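Here is the structure we will look at, set down as C-alpha cells.
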Amino acid sequence: MIIRSFDVEVFRNIEGKLLRVTQMAAINAARVAGHGDKKGADQAAVDALRTHLGGIKEVTTTVRIGEGERDKAPMLFIGEKIGQGHFEIDIAVDPLENTNATAKLGPNAICVLAASNPGGLMTASDGYMNKLVVGPKVAGKVNINNNVEANISIIAGALNRDVDDLTITVLDRPRNEELIQRIIATGARAQVIPDGDLIPGILTCISGSSTHALMGIGASPEGVITATAVKMLGGEMQAKFWPKDEEDKNRLVSMGVDLNKVYTHSMLAPGDHLIFCVTAVTSLSTSTKHILDGVSFFGGAAKTNSLLITESTVEFIATTHVLDKSEFDRSRSEFRL
C-alpha cells in the first residue's frame, strides 16, 4: 500500500516510536559517557539513531539537516534516507548535543530530533546562524536587526519586568564576546554556556524556566530543531545564517540560503505537522532550574527522561527500559520512580 497524501493519523501514531529513537540513542551514548571519548559517544548515538529509525517498519526518513560535518564527527548525512517504509517523513537531528560534557560525564548532554511532513524542515549545511529566540509574551515584538539594547528593553517591557530581572542565554564563543558584554552592560544577566544552545532556546517558551531569551551565534542544525519546538509552543525565533569563511558562504548560497534574509521559525520549520523529542544523556538544567534527569543504569535496565512536544501535548516522560531480562531478574531489580 502506498500513502500518496500525508496521513496525519499515521504521523501521530509514530510519536512514541520517534521518542524511543532518542531514548535508545541516549542510552547508547550514556554507556560511553565519562570515558573521555567524545567521538566514541557521538558514534554510539549515531549508530543507535540509524538502527532504530530504520527499524520503524512503516517509515522512510529523510535527513534534512544534521550535525557533525563541521568537526568531521560521526553524523547522519544531509539527504540520507533511512528505512524502507511507505510513509515518508523529514527529520532534523543532533544525535548527541554536547559531546564534551558526555565525554567528561558533565551536565546538559542530549539526544534530539525533530520530525515533519515532507518538505516541513529547511535543508541547510552544518554551519552557523545568528539567533534570537523569545517566548509567547514577547513574540512579534523583537527584531534581530535591532541592537541588543533595544531588544532587551522590549523583552523587559513585554514581560513586565525590570531589565535586571532578565536572564539572556548566550554560547561562550569568541564570536559572541561583544554581545555578552553588551548584555551585561544593560543590567541584564548573561547566562554564558559552554555548549548546547538548543534547549535554552526552547525554554524561553516555558514559563518558570528562568530563561527569557536566547541570543548569539550557534549551530544551524540546532537552530532548525529549536524552531520546530518554538513554533509549536507559540514563541518566536529569528535567525540569519552566519558563514564562517568564504567556503561556508559559497556552500550556503549553493543550497539556496539568502545570507541577508531573516529566517523565522515558520521558515525554518514550515511543516504543517511537527514532532519534537529529546532525551537527556546527562542531567539537564538551567542556571536555576532542573529540567530532566540523565540516563541511569541498574541491573539489566536503564531509566531515561525525555521531553516530547507535539501540536497538542507537552509531556515530560520517565521510562524504565529492561535491556537484559535475565540480568534484570537475576539482580532482583525493580521498576523505579
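We did not get these values from a lab; they are worked out from the coordinates using the rules stated. What you see is a predicted model; the values in this text were computed from it and never measured. Note that each Cβ is placed from the backbone with ideal geometry, even for glycine, and that neighbours are counted across all protein chains shown.
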Item to check | Those aspartates and glutamates that a straight Cα-Cα span of less than 12 Å connects to Lys17, excepting residues fewer than 8 apart in one chain | outcome: Glu58
Checklist outcome for this item: Placing each pseudo-label 7 Å from Cα in the direction of the beta carbon, Glu315 and Asn147 end up separated by a distance in nanometres of 4.8 nm
Checklist entry - Label 7 Å along Cα→Cβ of His273; the range 107-122 residues with amide nitrogen under 11 Å? => result 116-118
Checklist outcome for this item: Dimensionless Rg/Rh of the range 265-312, both radii on Cα and Rh by Kirkwood, sits at 1.13
Checklist outcome for this item: Extension length gain for Lys289 and Asp7 (0.36 nm per residue less Cα distance), in nm, is 97.7 nm
Checklist entry - Taking the Cα atoms only, what angle lies between the long axis of helix 38-54 and the longest principal axis of the chain, rounded to 10 degrees? => result 70 degrees
Checklist outcome for this item: By the mean-Cβ-within-10 Å protection proxy, highest first, 269-278, 326-335 rank as 269-278, 326-335
Item to check | Dipole magnitude of the chain, debye to nearest 20 (Cβ charges: Lys/Arg +1, Asp/Glu -1, about Cα centre) | outcome: 300 debye
Item to check | Gained length - Phe77 relative to Glu246, 0.36 nm times residue gap less alpha-carbon distance | outcome: 58.6 nm
Checklist entry - Starting at 0 and stepping by 10 Å, how many percent of the alpha carbon pairs of the range 128-268 end up in each bin? => result 13, 46, 33, 7, 1
Item to check | Protection proxy ranking, peptides 215-227, 159-171, 197-209, average beta carbon neighbours within 10 Å, highest first | outcome: 215-227, 197-209, 159-171
Next on the checklist: Under the √(5λ) rule applied to the eigenvalues of the Cα gyration tensor, what semi-axes describe the equivalent ellipsoid of the chain? Give them in Å, descending.
Outcome noted: 31, 24, 19
